[in-house]
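*Asks:* Can you read through this structure? Questions will come right after.
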Amino acid sequence: MNAIKRFGSAMIVPVLMFAFFGIVVGLATLFKNPTIMGSIAEEGTMWYNIWSIIESGGWTICDHMELAFVIGLPISLAKKAQARATLAALMVYLVFNNYINAILTLWPSTFGVDLSQGVENLTGVKEIAGIPTLDTNIIGAIIISSIVIWIHNRFYDKKLPEMLGIFQGLVFVVIIGFFVMIPLAFLVAFVWPYVQQGIGSLQVFMTHSGYVGVWLFHFLERVLIPTGLHHFIYTPFGYGPAIVDEGLKAYWITNLNDFANTTAALKDIYPYGFFMHGNVKMFSCLGIALAMYYSTPKENRKKVLALLLPATLTAVFAGITEPLEFTFLFIAPYLFVIHALLGATMVTIMYMFGVVGMMGGGLIEIAALNWIPLSSNHGGIYIIQAVVGFTFVALYFVLFRWIIVKFDVPLPGRKSEEVKLYTKKDYQNARQDDNHEVEEAPKYDSEYEEKAVYYLEGLGGKENIKDVTNCATRLRVTVNDPDLVKDSDYFTKNQMAHGLAKSGQSIQVIVGLSVPQVRDYFEAKLK
């Protein structure tokens, strides 16, 4: 389970880039639409040409999605020499696709794929890095990259005889991968066409599962966040191969201009409601934050507002909900289950009323990929979206506030101790008091280094750290002895972290959006 959690967190590395590139394509589609921009956006104008160039750059991540995942996973999962592991994964993945290309070229009738017909004339094949091969999508990329990471972690430090020393390290990893890919390529060439048939069956099943499928998708996507396994719910839908091979995100962006120019109901031409959890981030988190604020005694509300405001804005605008959700998750986990139930119900009701689109991120991404380019012909569904959304904001507010007050949930500001945002000086003074020492507090290059040192002490010291990685907001650590890890109060003291999640040897420190910088210092301290 720990390995699965680490793997899920690693997938966030390439996924985070999709938001930016999707916004670029969405804006380019908007500015190239003459219905919205007028004659300046007519094909052939300088305005049109400039935005066509920008749009071509925006398609980079979708056109090379597999490479993004092949390269992205080793950054988090390689236990040493991550840069070399990344290069090894890329080279072995290219070797794998060259093998597939050669197998299908030599035995087209055996494997049922004749590449001589051209990639553009065949289904189930794709050109990856200039290599015509089977379209294994990100599943193939993840499998190959994972194999190389395993080889790298096991054999990178292998000492070879002196005369073979030139083949140590990176080259040795690539050599092993080179030969491992031969039987794997034959296996994939034989099995993958059947997998593609299964994917087609899954598409039919999910498409016809109706509102139940939409509700279940969004409930699982939310309720699995504490485990870190929610990536496995939305990634196959958003980035393929579930529903459509290229993923719903690429499919939506590809057809965005057509959607913008048609007056037909969006739900008729895009009948999928599986990637709309951004509504939970926008509306649900707003209702929760209001409930937390108004359930706080008046004398503490200004102080609590300083905590809630940045966390809520991060959730609403950027789509990163963990700083807010983890504020109450470990204090009252039943509130989080209620949150998942209500959020899934809200999205399903929106879908019932015809709201569809690419709404997996926060307000910025949703506006760029939906509201702005499509509002001229489809503004009605966004009015429905807002009505349903704000209705649930009110429902969240009433229900959460009642529960918090009724059961006296000890959220920040409702405890007896003072609620405040602490400075670095406060933290240094607190450490001096704890140690009963008057010696000068240590100097740090930045708050990231300060947090890294603090976390390392709380996790039992560097001897207790087995490995470390991170996702969008959490530092994920595997420890040797979980009994040496201090409790959640240590990590949340002085606002050093948002919380702590423990599952055996798997520890998650909820840091926030600065976790990549903290991890860099954390790993430096380990070395």
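*Asks:* Can you give me the number of residues within segment 117-139 that are among the acidic types (Asp, Glu) and either under 12 Å from Pro193 (Cα atoms) or outside any strand (DSSP E or B) (or both)?
*Replies:* Adding up the residues that qualify gives 2.
*Asks:* Specify which of the listed residues (Thr312, Thr327, Thr348) is touching a helix residue (DSSP H, G or I) at 6+ places or on another chain (Cβ under 6 Å), at pLDDT below 85 and part of a helix (DSSP H, G or I).
*Replies:* Thr312
*Asks:* When residues of segment 196-220 are filtered for being open to solvent by 30 Å² or more (accessible area, probe 1.4 Å), under 14 Å from Ala242 (Cβ atoms) and at pLDDT 75 or above, how many remain?
*Replies:* Number satisfying all stated conditions: 3.
*Asks:* Kindly establish whether Lys158 is open to solvent by 60 Å² or more (accessible area, probe 1.4 Å) and either charged (D, E, K, R) or touching a helix residue (DSSP H, G or I) at 6+ places or on another chain (Cβ under 7 Å) (or both).
*Replies:* Answer is yes for this residue.
*Asks:* Here's something else I'd like to know. Residues being loosely packed, with under 15 Cβ neighbours inside 10 Å and in contact (Cβ under 8 Å) with a residue 24 or more places away in the chain: count how many of those fall in segment 263-293.
*Replies:* Final tally of qualifying residues: 3.
*Asks:* If you don't mind, there's one more thing I want to ask. With respect to Thr321, determine if the residue is surrounded by 17 or more Cβ atoms within 10 Å (Cβ to Cβ) and either touching an Asp or Glu at 6+ places or on another chain (Cβ under 7 Å) or of a type in the set (Ser, Thr, Tyr) (or both).
*Replies:* yes
*Asks:* Any residue in segment 224-248 that is farther than 30 Å from Leu500 by Cβ and at pLDDT below 75 sitting within a Cβ distance under 6 Å of a residue that is of a type in the set (D, E, K, R) and surrounded by fewer than 22 Cβ atoms within 10 Å (Cβ to Cβ)? List the pairs, counting only those 6 or more apart or interchain.
*Replies:* Final answer for the pair search is Gly240/Glu246.
*Asks:* Within segment 157-177, does at least one residue satisfy the condition of being at pLDDT 90 or above, of a type in the set (Phe, Trp, Tyr) and more than 27 Å from Asp245 (Cβ to Cβ)?
*Replies:* Scanning segment 157-177, I find at least one residue that is at pLDDT 90 or above, of a type in the set (Phe, Trp, Tyr) and more than 27 Å from Asp245 (Cβ to Cβ), so the answer is yes.
*Asks:* May I pose another question? What pairs can you find where one residue is in segment 462-475 and assigned to a loop (DSSP other than H, G, I, E, B), the other is open to solvent by less than 20 Å² (accessible area, probe 1.4 Å), and their Cβ atoms are less than 6 Å apart, with a gap of 6+ or different chains?
*Replies:* As it stands, the answer is Cys471/Ser9; Cys471/Ile12; Ala472/Ile12; Thr473/Glu322; Thr473/Gly512; Thr473/Val515, since those pairs meet every condition given.
*Asks:* Filter segment 334-345 down to the residues that are touching a helix residue (DSSP H, G or I) at 6+ places or on another chain (Cβ under 8 Å) and open to solvent by 10 Å² or more (accessible area, probe 1.4 Å), then identify the one that is farthest from Ile288 (Cα to Cα).
*Replies:* Looking at the filtered set, the residue picked out is Thr345.
*Asks:* Spot the failing condition for Ala89; the list is (1) touching a residue at least 60 places away in the same chain (Cβ under 8 Å); (2) open to solvent by 10 Å² or more (accessible area, probe 1.4 Å); (3) touching a Ser or Thr at 6+ places or on another chain (Cβ under 9 Å), and only one is missed.
*Replies:* With (1) touching a residue at least 60 places away in the same chain (Cβ under 8 Å); (2) open to solvent by 10 Å² or more (accessible area, probe 1.4 Å); (3) touching a Ser or Thr at 6+ places or on another chain (Cβ under 9 Å) applied to Ala89, the lone miss is (2).
*Asks:* Select from segment 33-58 the residues that are modelled with pLDDT under 80 and not small (Gly, Ala, Ser) and list them in ascending order.
*Replies:* Asn33, Pro34, Thr35, Ile36, Met37 - these are the residues of segment 33-58 that are modelled with pLDDT under 80 and not small (Gly, Ala, Ser).
*Asks:* Another one. Would you point out the residue of segment 240-262, among those that are among the charged types (D, E, K, R) and part of a helix (DSSP H, G or I), that is surrounded by the most Cβ atoms within 10 Å (Cβ to Cβ)?
*Replies:* Lys249
*Asks:* Also, quick follow-up: Suppose we keep only residues that are on the phi < 0 side of the Ramachandran plot, modelled with pLDDT under 85 and assigned to a helix (DSSP H, G or I) within segment 478-505. Which one would you say is surrounded by the fewest Cβ atoms within 10 Å (Cβ to Cβ)?
*Replies:* Taking the candidates together, the pick is Asp489.
*Asks:* If you scan segment 33-69, which residues turn out to be open to solvent by 70 Å² or more (accessible area, probe 1.4 Å), within 30 Å of Asn137 (Cα to Cα) and either of a type in the set (Asp, Glu) or outside any helix (DSSP H, G or I) (or both)?
*Replies:* Asp63, His64
*Asks:* Six or more apart or on different chains, Cβ under 8 Å: which pairs go from a residue in segment 104-116 that's closer than 14 Å to Val188 by Cα and part of a loop (DSSP other than H, G, I, E, B) to one that's open to solvent by less than 80 Å² (accessible area, probe 1.4 Å) and among the β-branched types (Val, Ile, Thr)? Could you list them?
*Replies:* Hits for this filter: Val113/Val125.
The values are calculated or read from the model by the stated rules, or taken from the named source; none is laboratory data. What you see is a predicted model; the values in this text were computed from it and never measured. Using ideal geometry, Cβ is built from the backbone for each residue, glycine included, and neighbour counts are taken over all protein chains shown. Note: accessible area is taken over every heavy atom of the protein model, side chains too, but ligands, DNA and RNA are not part of it. Shrake-Rupley method; radii C 1.70, N 1.55, O 1.52, S 1.80 Å.
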